[in-house]
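What follows is a set of notes on a single structure, which appears directly below.
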Amino acid sequence: MEVDHAIETRRSVGRVKQDPVPRELVEKVLESAVHAPNHKITEPWRFHVFTGKGRGDLARARAELAKIQAEAEGEEEELAAGRISRERKKAFRAPVVIAVISRGGRDEVETLENYAACAAAVQNMQLTAHALGLATIWRTGPVAYHPYMRDFFGLEDGDRIVAYLYLGYPDVGERPRRREPASSRTVWHEG
């Protein structure tokens, strides 16, 4: 697939089949990530891959965090049970969930640049998955930034969760995406 075609046709796909994704395809997706640009070659990315029953680890962590949050907010037991169940199920949305972590840098600027490099790495992963006939959706949300999840992943100061990348075979047809042309958002400064 030509790179411009891959960029223009890649979509976020939230509905995927539960068919297992071969490990060698997941490894190709991961390998593409490490070729993202990163200032001073810091290679700040770390990956946690959850597949098969291994997704249960992520499900338990998400459920425990939902329980903690429900208790802190004084949520009624029935509502809390629903919240916990919904969070647990999110780990099983796709046959593969990849948590992409950005390592903190030696200072604030390097930490920011590391995060940007990891965002580029996620885009590489999405494009590679698309070229392989797989679908992805990049998720984070408040759960990704909670101290409980930081502890779950063993994050240090400055480390950040950049993405939960859900990966699988698409379970929906292709849909065109509308985007404004770059010209509508570009200011040229010419001599």
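Residue pairs whose Cβ atoms lie under 6 Å apart, separated by 6 or more positions or on different chains, with the first residue in region 139-167 and under 18 Å from GLY14 (Cβ atoms) and the second at pLDDT 95 or above and basic (Lys, Arg), are TYR164/ARG139; TYR166/ARG93. Filtering region 147-172 to residues that are part of a loop (DSSP other than H, G, I, E, B) and closer than 19 Å to ARG93 by Cβ leaves TYR169, ASP171, VAL172. Checked against (1) on the phi < 0 side of the Ramachandran plot; (2) over 13 Å from the mean Cα position of the chain (by Cα), GLY158 passes all but condition (1).
Take ARG46 and tell me if it is farther than 27 Å from GLY82 by Cα, within 15 Å of the chain's Cα centre (by Cα), of a type outside the set (Ser, Thr, Tyr) and at pLDDT below 95.
For ARG46, the condition - farther than 27 Å from GLY82 by Cα, within 15 Å of the chain's Cα centre (by Cα), of a type outside the set (Ser, Thr, Tyr) and at pLDDT below 95 - is not met.
Of the listed requirements (1) in contact with a Gly (Cβ under 8 Å, 6 or more places away or on another chain); (2) closer than 29 Å to ALA66 by Cβ; (3) surrounded by 18 or more Cβ atoms within 10 Å (Cβ to Cβ), GLY105 misses just one: (2). State whether one or more residues within region 61-70 are closer than 22 Å to VAL29 by Cα, touching a Lys or Arg at 6+ places or on another chain (Cβ under 9 Å) and modelled with pLDDT of 95 or more. No, because not a single residue in region 61-70 is closer than 22 Å to VAL29 by Cα, touching a Lys or Arg at 6+ places or on another chain (Cβ under 9 Å) and modelled with pLDDT of 95 or more. Residues considered: VAL109, VAL96. Of these, the only one that is more than 18 Å from ARG46 (Cβ to Cβ) and at pLDDT 95 or above is VAL109. Among the residues of region 84-102, those that are of a type in the set (Val, Ile, Thr) and either under 16 Å from the mean Cα position of the chain (by Cα) or closer than 30 Å to HIS39 by Cα (or both) comprise VAL96, VAL97, ILE98, VAL100, ILE101. Working only within region 44-66, note down all residues that are surrounded by fewer than 16 Cβ atoms within 10 Å (Cβ to Cβ) and either at negative phi or in contact (Cβ under 8 Å) with a residue 60 or more places away in the chain (or both). Hits for region 44-66 are LYS53, GLY54, GLY56, ASP57, ARG60. The residues of region 14-43 that are among the hydrophobic types (A, V, I, L, M, F, W, C) and either in a helix (DSSP H, G or I) or modelled with pLDDT under 95 (or both), listed by number, are LEU25, VAL26, VAL29, LEU30, ALA33, ILE41.
Entry remark, region 67-114: residues being in a helix (DSSP H, G or I), aliphatic (A, V, I, L, M) and touching a residue at least 12 places away in the same chain (Cβ under 8 Å) number 4 in total.
The values are calculated or read from the model by the stated rules, or taken from the named source; none is laboratory data. Quick caveat: nothing in here was measured; it's all calculated off a predicted structure. We place every Cβ from the backbone using ideal geometry, glycine too, and count neighbours over all the protein chains shown.
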